[in-house]
Amino acid sequence: MTRQKNPGAITRRRFVQGATLAGVALAGAPGIVSCRAPSEKMNVVIIGSGGRGRDNMAEMLGENIVALCDVSEPNLLRAAEKAPKAKQFRDFRKLYDELKDSEFDAVVVKLDRAHARLRHPTGPTAEEARLLREAADAQHPRGPADH
């Protein structure tokens with residue numbers, strides 16, 4: 001007795017393929033649902049707002065600056081004129097103690113020292129962080145002291 005093929009019948013293979021596809025779709029759904037619209041502004045923290053930091057801040061004025069931090073009070077007050085709603089800090093440790101991680105999306109850091117420790121990654125994956133670094137290097141090549 002030979003089986004007749006019914007094109008609309010659900011075979012074991014079709015069931016497994018459909019279940020797998022549904023599982024993958026559900027696993028990825030939270031990331032898609034929780035992502036922001038491209039038009040939504042990022043919440044940014046500025047650490048170091050004098051000198052080059054002033055230029056960095058000027059590039060971020062289109063975003064929502066939620067906090068400013070600078071050890072120099074004149075620099076901090078000058079920056080606060082451009083972002084009056086931002087919280088002000090003179091010590092970055094107090095900034096990190098007071099702000100919740102959910103209150104900001106990015107940190108722009110300009111320090112007078114060559115070394116800084118980053119709290120937030122530059123990208124969600126190492127590969128994306130590497131790509132961002134390569135793009136930044138292409139725009140602004142770094143000197144030996146910047147590595």
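The values are calculated or read from the model by the stated rules, or taken from the named source; none is laboratory data. Predicted model, so just to flag it, every value in this text is computed and none were measured. Every residue, glycine among them, receives a Cβ derived from its backbone with ideal geometry; neighbour counts consider all protein chains shown.
See the values below:
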{"read-out": "Any chance ASP105 is acidic (Asp, Glu), surrounded by 13 or more Cβ atoms within 10 Å (Cβ to Cβ), outside the structural domain of ALA136 (by TED's automatic domain parsing) and closer than 25 Å to ALA136 by Cα", "value": "yes"}
{"read-out": "Single condition GLY53 does not satisfy, out of (1) surrounded by fewer than 17 Cβ atoms within 10 Å (Cβ to Cβ); (2) at pLDDT below 85", "value": "(1)"}
{"read-out": "Pairs, first over 19 Å from ALA106 (Cα atoms) in segment 67-82, second modelled with pLDDT under 90, C-beta under 6 Å, six or more apart", "value": "SER72/GLY50; ASN75/SER49; ASN75/GLY50"}
{"read-out": "Qualifying residue in segment 70-80 (condition: at pLDDT below 85 and either surrounded by fewer than 16 Cβ atoms within 10 Å (Cβ to Cβ) or over 12 Å from VAL44 (Cα atoms) (or both))", "value": "no"}
